[in-house]
Amino acid sequence: MRLKQWLFAAAIAGLAYARGGAAQDWRVWNLDIVDDTMRATARGPLQPLRISGARNGTFSGAVMVESADPIEGLRAELVAAPQQGVPPSGSEFVRIRYGVNGPPTARRSPPPLDTLLEAPPATVEPQARWGSARIAVWVTVRVPPATAPDVYRGELRLAAKGRTPVTVPVELRVSDWTVPDPQHWRTWLELMQSPDTLALEYGVPMWSERHWALIAGSFQRMSGTGSRVVYLPLIRQTNSGHAESLLRWRRDAQGNLEPDYSRLEKYLDTAIENLGTPKLVILYAWDVHLLDPEAAGRQAGRADARLAVSRQGVPVTMITATGADEDGCLPPYWVPESAGLWAPVYREIRARMRRRGLEGQLMLGMVTDVTPSPRQVQFLHEVSGGLPWAAHRHPSRIQNRPPPNKALHDIADVAYEAHVYGLMFRVNPDLGRAYGWRSPELRVSFDRNGIPNTGSLRIRLMPEFSITGEQRGIGRVGADYWHVLKDRQGRRTGPVYARYPESNWRNLDIESWVLAPGPEGPVGTARLENLREGLQECEARIALEDALLDLGRRRRLGNELAQRIQALLDERQRALWRTVWSDEDDLRSLGTIEARNFQEAIWNALRKAGKPLPEYWSGEARQLRERATDNGVDWFVASGWQERTARLYDLAGEAQRRLGN
């Protein structure tokens, strides 16, 4: 489909104009979507809103609307440039959204103006942090897969009550490359969905029709990131905050226990319909509150609270004679009668997954720093038919150990792992390159302690830091795990899983979220859009690296094109690290580095090399890192990153045409 000079017109109309009276002053300025919205300021006169993208991808640009006085009745409309033909009908390819502050939380709050609402608030009030009223207006474009490469133009028209309307030229540059469908992305991302958070946030009964619609909404917003991990809790009161098990049990007329799969299947089918075909389906069968008394002596912290639960049995949801749900327990895994209950369940789940083509995606969960005991692992290994495990933990068990690895007590395989310690990165590509995306084991970075909440640039670059190191991507990122629990004053105090201290994982808990609570349901965020764009860039990088690493395909590219490709990929890699550290001589000196995240890895490597830096966790070091982060954002914003992205997509398209695919 050949678009003319703009893709579409937005459906938002009805601009509000003041009737009489002098227009109040307001200002519209370009907002770089990766900028720190706490510190962002106008960087010169208003310029066109420029977006660089490629076919079949989704891309955004933004402007800031600012006034010393409250802004009332803000409206935005995107229209086609004159005399450029009729754009496609409807508004399915464009969204205009409004960046506002999310609700304040006790900790891990995302940046200001991160929540993207589908409609503007009636009034935007001034805030003390800026001394003005501010709201970001986002234009998000989904480029149809048959779009011709070109520069498409339009106008973003802004108006509000008592204000002089402002028109911002818009330019979308579409490169001649097609972004793969998210279902087929090779950069790993695991976003985790929380049914319980949605029920509590919107005050709806669990598993009501309204609740199912909210769950579908979360999955829909996750879908464009390529995340395809679905959790099916077989137990309740998990570290992920599940109050109930999706697999429920009832007693028949003879008093025998029977499993009920209806809710489990509905949740899975809701995910398939709205998220996409899962790449992992994790049967959540164990957590730390099922601590085996035989292993309790080796566990620190909450052993007593965990044992109080585990001695009662396996916590599940029961169906009463009236059809209501209630808490119940089945016998512990290690007692003889448990096999007769659970082996038929796993056979049936396998059969139901087989009918959906998903049996090969099944895993057991969850392994963390606290692990199931050998007899629990042996039991679950036998009744599940040898399913492998998923793990979220500090140190890795499977680095360079793809399945079969019997990494869990020499009994069961661990086939997926998001871990904190020992993450490997490469800084200067001249000293060696890594291609984490093709690692044989499915092992990814887990950036804990709310790091994905810290800013748009950081979350945008996280996947590329990982795949240019030795990880396949990133995992254990919350989707809708915002702080939903409140105190008596209505202040948000914590996430949904804080209801179950016996299941606490300490600093491995999920402390991030990339969706936000909107008025009617979960909505996207500035960080989510940046994460998606960063993943799309990773896919272009992988397509190019895949061609360079194959000798036959590299020959078909030719030396000149291959050299241009490698030069750009190396330029991108250096730009990643320039956001972390400003001394380019230091960066040139570093090859492979290792730590819990890329910032700590740089710090430790430079200290080891003799650079006089304070200890990483000291107050002085924290201040230095904060300044380095601010400097990195400022450098990246001014560095021409959109032009680098356009060249990346252009080269991906050139290589695609040269290779004939």
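Throughout, read-outs are computed from the coordinates displayed, never taken from laboratory work. Just so you know, these numbers come straight off a predicted model, no measurement behind them. Here the Cβ positions follow ideal geometry from the backbone for every residue, glycine too, while neighbour counts run over all protein chains shown.
List of remarks:
- Residue separation of residue 208 and residue 356 scaled by 0.36 nm, minus their Cα-Cα distance, works out to 50.8 nm of gained length.
- Ordering 551, 505, 573 by Cα displacement along the dipole of the chain toward the positive end leaves 551 in first place; charges were set at the Cβ atoms of Lys, Arg (+1) and Asp, Glu (-1).
- For the stretch 568-638, the list of GluC sites (Glu not before Pro) that fall in a loop by DSSP and count at most 15 other C-beta atoms within 10 angstrom reads 615.
- Ellipsoid semi-axes for the stretch 391-479, based on the Cα gyration tensor and the rule √(5λ), read 23, 17, 9 Å when sorted largest first.
- The chain, helix-only ellipticity at 222 nm - DSSP H runs n ≥ 4, -39,500 (n - 2.57), divided by all residues, nearest 500: -9000 deg cm²/dmol
- Net charge, residue 101 excluded, C-beta distance under 10 Å - Lys, Arg +1, Asp, Glu -1: +1
- Formal net charge of residues neighbouring residue 122 (Cβ-Cβ distance under 11 Å; K, R +1; D, E -1): -1
- Computed lengthening from residue 409 to residue 257, 0.36 nm per intervening residue step minus Cα-Cα distance: 51.6 nm
- The local environment of residue 39, defined by Cβ-Cβ distances under 13 Å, has a net charge of -2 under the rule Lys, Arg +1 and Asp, Glu -1.
- Total charge dipole magnitude, the stretch 431-483, about the Cα centre, Cβ charges on Lys, Arg, Asp, Glu only, Debye to nearest 20: 100 debye
- With contacts taken as Cα pairs under 8 Å at a separation of at least 6 residues, the stretch 507-661 carries a relative contact order of 27 percent.
- The long axis of helix 559-578 is offset from the longest Cα principal axis of the chain by roughly 80 degrees.
- Cα-centre dipole for the chain with unit charges at Cβ (Lys and Arg positive, Asp and Glu negative), debye to 20: 760 debye
- The packing ranking of peptides 602-614, 507-519, highest mean first, is 507-519, 602-614, where packing means the average number of other beta carbon atoms within 10 angstrom of each residue.
- Net dipole in debye of the stretch 214-254 [+1 Lys, Arg Cβ; -1 Asp, Glu Cβ; about Cα centre; nearest 20]: 20 debye
- Ordering of 244-257, 161-174, 453-466 by packing is 453-466, 161-174, 244-257, highest average first (other Cβ atoms within 10 Å, averaged per residue).
- Seen from every direction in turn and averaged, the convex hull around the alpha carbons of the chain projects onto 32.5 nm².
- Candidate lysines - alpha carbon under 27 Å from residue 279, same-chain residues fewer than 8 apart omitted: 266, 406
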